[in-house]
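A quick write-up on the structure given underneath.
The values are calculated or read from the model by the stated rules, or taken from the named source; none is laboratory data. In this text the structure is predicted, and so the values were computed from the model without any measurement. Glycine also receives a Cβ, built like all others from the backbone with ideal geometry; neighbour counts cover every protein chain displayed. Accessible surface is based on the protein model in full, side chains and every heavy atom, while ligands, DNA and RNA are left aside. Shrake-Rupley method; radii C 1.70, N 1.55, O 1.52, S 1.80 Å.
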Amino acid sequence: MLRIAVPNKGSLSGPAADMLHEAGYQQRRESKELRIVDPVNDVEFFYLRPRDIAIYVSSGQLDIGITGRDLLIDSGADAEEILPLGFARSTFRFASKPGTANGVEDLKGKTVATSYEGIVAGHLADNGIDAAVVHLDGAVETAIELGVAEVIADVVETGTSLRNAGLEVFGEPIMKSEAVVIRRTGADAEEAAESKVQQFLRRLQGVLVARTYVMMDYDCRVEQLEKAVALTPGLESPTVSPLHNEGWVAVRAMVPAKEAQRIMDDLYDIGARAILTTAIHACRL
């Protein structure tokens, strides 16, 4: 039975459960459940603190897990990313009082407060910067006001909370994070669970594609078919079927969801009609 670690709370938990449900896996009904078995898919899910998941996976007790790239790197665990999942995106930046620093090169001899000591220490080392790193849990904005550090390193979304604290970001981003699937580094590809791991990854990849594309159907005149196909090339090529009325064909193709409205306008302009889009709930490529 494949053993999978899933975040039990926080910004990773809900989206991870939704994706697993869309992929056909049973999920817990109550937040207090720490372990469930999905006998139909031969999978066992363990609901763990997001920060601990990389440690459990690296130990080999669990086959794979879903966590944040930031948490994986910060843990220093012997685990590796095998599939990005596209949700819980975040950016890590340095911030300080205006005029304190312009880039990482200005941090020599300074103290940096952060909740992600492993990420920050590694980034400073990679840039050859000798600076002290102080680990704090929770909001770190007050570290500068209270004199604990001159600089903080934290997740930055809109930057509103930093501006409210009189701080500004500087330098290049430390890293960009998102939810990822991880497994133990160098896991033996011949292990019995490998085929189940690959099936799991295919299912999640199918969900990612289904969320990214829509299916588009339309009718067009034969003489406009080449122009229409250029607008909707599909993944391999579109499906084209003759209609009862001579000179007309029906076309079906997957198109990027973000571009669907523009493509519909362009198709209409070249004479296509009965243009429809439908959601894709699952797929395999």
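Structure data summary
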read-out: Answer residue from region 66-90, given it is over 19 Å from residue 194 (Cα atoms) and among the charged types (D, E, K, R) and is surrounded by the most Cβ atoms within 10 Å (Cβ to Cβ) among those; value: 70
read-out: Residue that is farthest from residue 91 (Cα to Cα), among those in region 120-143 that are open to solvent by 70 Å² or more (accessible area, probe 1.4 Å) and in a loop (DSSP other than H, G, I, E, B); value: 130
read-out: Region 249-281, residues that are out of contact with any Ser or Thr (no Cβ under 9 Å at 6 or more places or on another chain) and in a strand (DSSP E or B); value: 273, 274, 275, 276, 277, 278, 279
read-out: Identity of the residue in region 47-65, within 18 Å of residue 178 (Cα to Cα) and touching a Leu at 6+ places or on another chain (Cβ under 6 Å), that ends up most open to solvent (accessible area, probe 1.4 Å); value: 51
read-out: Tabulated pairs, region 1-12, first free of Cβ contacts under 8 Å to residues at least 60 places away in the same chain, second surrounded by fewer than 21 Cβ atoms within 10 Å (Cβ to Cβ) and in a loop (DSSP other than H, G, I, E, B), C-beta under 8 angstrom, 6+ apart or interchain; value: 1/42; 8/31; 8/34; 8/49; 9/31; 9/49
read-out: Matching residues, region 36-46, being closer than 14 Å to residue 63 by Cβ and open to solvent by 20 Å² or more (accessible area, probe 1.4 Å); value: 41, 42, 46
read-out: First in region 265-285 and aromatic (Phe, Trp, Tyr), second anywhere and surrounded by 12 or more Cβ atoms within 10 Å (Cβ to Cβ), Cβ under 7 Å, 6 or more apart; value: 268/275
read-out: Residue satisfying all of: in region 225-280; aliphatic (A, V, I, L, M) and closer than 20 Å to residue 208 by Cα; surrounded by the fewest Cβ atoms within 10 Å (Cβ to Cβ) among these; value: 279
read-out: Conditions (1) in contact with a Lys or Arg (Cβ under 9 Å, 6 or more places away or on another chain); (2) assigned to a helix (DSSP H, G or I): number failed by residue 234; value: (2)
read-out: Residues (under 24 Å from the mean Cα position of the chain (by Cα) and open to solvent by 40 Å² or more (accessible area, probe 1.4 Å)) located in region 144-160; value: 155, 157, 158, 160
